[in-house]
Structures are given as structure tokens and as C-alpha cells.
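Structure, as C-alpha cells:
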Amino acid sequence: MNAAPVTPADESVLLRMEGRAAYLTLNRPKSINALTHGMVLRMSAALDEWAQDDSVRAVVLTGAGERGLCAGGDIRAVREAVVSGSPRAAAEFWRDEYVLNHAISQYASRYGKPFVAIMDGIVLGGGVGVSAHGDVRIVTERSHVGMPETGIGFVPDVGGTYLLSRAPGELGTHFALTGSVARAGDAVLCGLADHFVPSADLPALVAALATDDVPTALAAYAAPIPPAELVEQRPWIDACYAADTVEEIVERLRSHGSPAAKQTAETILSKSPTALKVTLAAVRRARLLPDLAHVLEQEFLVSCSGLTEPDLAEGIRAQVVDKDRNPHWSPASLAEVTAADVERFFTLPKPGDDHAYLGPLFGL
């Protein structure tokens, strides 16, 4: 086994090579491996190096600890950048993160090396970005996969609107607006994962990838995918979320006969009104964009636009800083969020605008 050098400053992402595989392990278990800017840069550098190494035939992503692969980006750091008057620091983090997300999606097609993501436990936000764009995405009975951004006054990013816009029917819209998590069966149904492996078999699978090609290793350990819980709820989800506005979606949910639909309406109304309307627009626009790169470009503009809005800092405060779970959104109601307010998130800033946008990611 050859081990890549690791310095103390780099221990938040552990790198090693064994046999035919290279392994990335996110290593901040106390924070459920939340991604920092430094972690993103280290992952990108490792992927660049392994792309040129003929001994590496596959890359495997895992998370340290028992709670999950990755709880998302380090949103405390994002809030600190915003409240300290340095929003461009957050924009620089997102820029490099989104470039990494795209690189993961292209790894097998460009280099012939499958990117295998072990999506065990909690996989949220940025965790989805570094896993669900991979070539082989494995969930377990412990997986909870989701994009919870509307609950912190933000909009699904890291290619999340690309994935959710391509889920069957209106399932992606449901997940985007509610921030709900998908268990294994629903994650596969929605195109966020491909295979199911019982968590007890993960160590053996990860070890097998060092000696066997990916299809052979999967054949030995993959099990039948559990039933998708949302299949029976598709009728009300597709009917209600097909509406043109968030207000109409909520009204349809409230008037539907299903108790689950009524409860979902209340869940949506607890989220940031601005984030809800921008999210719906982002998912609908993402459906019309040709590929992940174009969607990431849109998400980068939308995300940077959100840095100058009040709800992001307030949502993070309420959820992870003070933890009072009582955000004060501004505007406070859906009716107060105008079409012009939404369009501003998708509009390139003019020279001199107070804006954190750093320009296009891929020159599209």
C-alpha cells in the first residue's frame, strides 16, 4: 500500500492509495465531515494527481465517523464571511466547490476512472455535491440524502437543482422546497444514487475495490434496493407541485385530501419565503438547461446573489448558531416577495453593484 503524504493541516481529508484504488476520506467526524474551503482544494488537487496516475483505476469517497458522509458545507464559515463584510470569501469557496462538483461528474468520462461515493448516513447539501455527481453512488439503510437549503434562507446548489430538476415528475420540486431527506429507495428513485449496500458490508466493499474492478465488487455486495416510500405519494406530489407559483403549490397541498399533503404545506411555509420562490424558479430553469455545467453557472450566480440578502445569515443563525429554530425572515411572507425580487437572483450584477459574484465558472 502506498500512502499519500498527509500533514496535520491536511488531516480533514485523508488520502491513500491501495491496489487499483485511491481513497478520499472526509475526516471531520465531529461536524459530520462538513466541507471547508481547504477540504475542497485538497480533494481537487488529489483528483488532479490521480487522474495522471495509471495505477489508479477508481476513486472511492468515504466519510469518517458513524454519522454520515457529509452534512454539507461549513455554513458557519459562510455566515461569518457575510456578517463580517467579506462575502467574497464565501463566493470563492463556492466557486472552487462547484468546479470540484463538475470535475467529479466528468472523472470517468475524461480519465476512465469511476468515482465511487459511499453515501452512508447523513448526506446533505455540499455532501450531495461531492457524491451524487459521481459514477457509482451507493446508499445504505442509514442514508439520509437531501438538500435542506430553504430552511437556512438559501437555495439548493452544488448541482442540486440539476439533479432535482431531472427527478421523476415533481419529486425534485418537493425535495427542493421542503428540504426533506430521501432514504435509500427514494434516493435511487430520484436519481441521487444507484446502488444499495447494507452498511455492515461497506468495509468489505471498500476493501474489495482495491483488488477488483467496480462491477465485480458491486456484484459481490450490492443488495436489492428497498422500496421507495414516495411511490404511493406521487399522485398528490405531481398534482400539487405542478402549479406555477409557490403560493398555488401551498394552496393545492392544503386543499388536497391527503394528510401528508396538508402537513407538507406547513413544512414549506416554515422556510424562507424568498428562498422558496427563488428555488422554484431555479429548479424550473434548470430543467431547460442542457447539462450540469450550465446549471452550476446558474447556481453560482444565484448563490452569490443570496450573500447580499438577509435571510441566509438569519437562517444559519437560527439553525446552527443560536439553534433557537426561530428565524425571522425578511420579507416574512410569500406575498411580499415580488417577481422582481426573484429575478434579481438570476441577473448579472452591473459594474459597481454591491455583489459577491466572481464571474462565470466555465466560460459558458
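Here residue 123 meets each of (1) hydrophobic (A, V, I, L, M, F, W, C); (2) in a helix (DSSP H, G or I); (3) in contact with a Cys (Cβ under 7 Å, 6 or more places away or on another chain) with one exception, condition (2). For beta carbons closer than 9 Å, sequence separation of 6+ or different chains, a first residue in the range 37-56 that is closer than 15 Å to residue 10 by Cβ and a second that is outside any helix (DSSP H, G or I) and of a type in the set (S, T, N, Q), the qualifying pairs are 38/12; 39/12; 39/27; 39/33; 42/12.
Answer with yes or no whether residue 249 is among the hydrophobic types (A, V, I, L, M, F, W, C) and farther than 30 Å from residue 201 by Cβ.
Spelling it out, residue 249 is indeed among the hydrophobic types (A, V, I, L, M, F, W, C) and farther than 30 Å from residue 201 by Cβ.
Residue-level check: of (1) at pLDDT below 95; (2) aliphatic (A, V, I, L, M); (3) assigned to a loop (DSSP other than H, G, I, E, B), residue 320 misses just (3).
Among the residues of the range 333-360, which ones are free of Cβ contacts under 8 Å to residues at least 60 places away in the same chain, part of a loop (DSSP other than H, G, I, E, B) and of a type in the set (A, V, I, L, M, F, W, C)? Correct list: 348 only. With respect to the conditions (1) hydrophobic (A, V, I, L, M, F, W, C); (2) over 23 Å from residue 185 (Cα atoms); (3) touching an Asp or Glu at 6+ places or on another chain (Cβ under 9 Å), residue 246 falls short on a single one, namely (3).
The one condition from (1) more than 21 Å from residue 18 (Cα to Cα); (2) among the aliphatic types (A, V, I, L, M); (3) in a loop (DSSP other than H, G, I, E, B) that residue 187 does not meet is (3).
Filtered by the rule that a residue be part of a helix (DSSP H, G or I) and either at pLDDT below 95 or closer than 29 Å to residue 216 by Cα (or both), the range 1-31 gives 8, 9, 10.
Considering 243, 332, 239, which residue is loosely packed, with under 14 Cβ neighbours inside 10 Å and over 23 Å from residue 73 (Cβ atoms)?
Result of the check over 243, 332, 239: 332.
Counting the residues of the range 169-184 that are in a strand (DSSP E or B) and either of a type in the set (S, T, N, Q) or buried (at least 21 other Cβ atoms within 10 Å of the Cβ) (or both) gives 1. Taken together, 121, 63, 72, 125 contain a single residue that is buried (at least 22 other Cβ atoms within 10 Å of the Cβ), modelled with pLDDT of 95 or more and at negative phi, which is 63.
Listed by first and then second residue, the pairs with beta-carbon distance under 6 Å, at least 6 apart or on different chains, first residue in the range 318-332 and in contact (Cβ under 8 Å) with a residue 12 or more places away in the chain, second among the aliphatic types (A, V, I, L, M) and surrounded by 14 or more Cβ atoms within 10 Å (Cβ to Cβ), are 319/152; 327/318; 331/337.
Condition check ((1) crowded, with 17+ Cβ neighbours inside 10 Å; (2) farther than 20 Å from residue 152 by Cβ; (3) under 20 Å from the mean Cα position of the chain (by Cα)) across all residues:
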position	(1), (2), (3)
68	yes, no, yes
92	no, no, yes
104	yes, yes, yes
109	no, yes, no
116	yes, yes, yes
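Conditions (1) closer than 21 Å to residue 356 by Cβ; (2) among the basic types (Lys, Arg); (3) in contact with a Cys (Cβ under 6 Å, 6 or more places away or on another chain); (4) not in a strand (DSSP E or B), marked per residue:
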{"position": "33", "(1), (2), (3), (4)": "no, no, yes, yes"}
{"position": "45", "(1), (2), (3), (4)": "no, no, no, yes"}
{"position": "48", "(1), (2), (3), (4)": "no, no, no, yes"}
{"position": "89", "(1), (2), (3), (4)": "yes, no, no, yes"}
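Confirm whether residue 363 is part of a loop (DSSP other than H, G, I, E, B), under 17 Å from residue 308 (Cβ atoms) and free of Cβ contacts under 8 Å to residues at least 24 places away in the same chain. No: the conditions fail for residue 363. Looking only at the range 82-111, residues that are in contact (Cβ under 8 Å) with a residue 60 or more places away in the chain and acidic (Asp, Glu) come to 2 in all. Close contacts from the range 248-276, counting a first residue that is in contact (Cβ under 8 Å) with a residue 24 or more places away in the chain and a second that is assigned to a loop (DSSP other than H, G, I, E, B) and among the aliphatic types (A, V, I, L, M), with Cβ to Cβ under 6 Å and a gap of 6+ residues or different chains, come to 249/243; 273/337; 274/337; 275/155.
Please specify each residue of the range 215-251 satisfying the condition of being charged (D, E, K, R) and within 14 Å of residue 262 (Cα to Cα). First the steps, then the outcome.
Within the range 215-251, the subset charged (D, E, K, R) is 229, 232, 234, 238, 244, 247-248, 251.
Within the range 215-251, 247, 248, 251 meet the criteria.
Is it the case that some residue within the range 210-227 is more than 18 Å from residue 171 (Cβ to Cβ), within 25 Å of the chain's Cα centre (by Cα) and of a type in the set (Ser, Thr, Tyr)? No, there is no match, as no residue in the range 210-227 is more than 18 Å from residue 171 (Cβ to Cβ), within 25 Å of the chain's Cα centre (by Cα) and of a type in the set (Ser, Thr, Tyr).
The values are calculated or read from the model by the stated rules, or taken from the named source; none is laboratory data. Keep in mind the model is a prediction, meaning the values are calculated, not measured. A quick note on method: Cβ atoms are made from the backbone with ideal geometry, for glycine too, and the neighbour counts reach across all protein chains shown.
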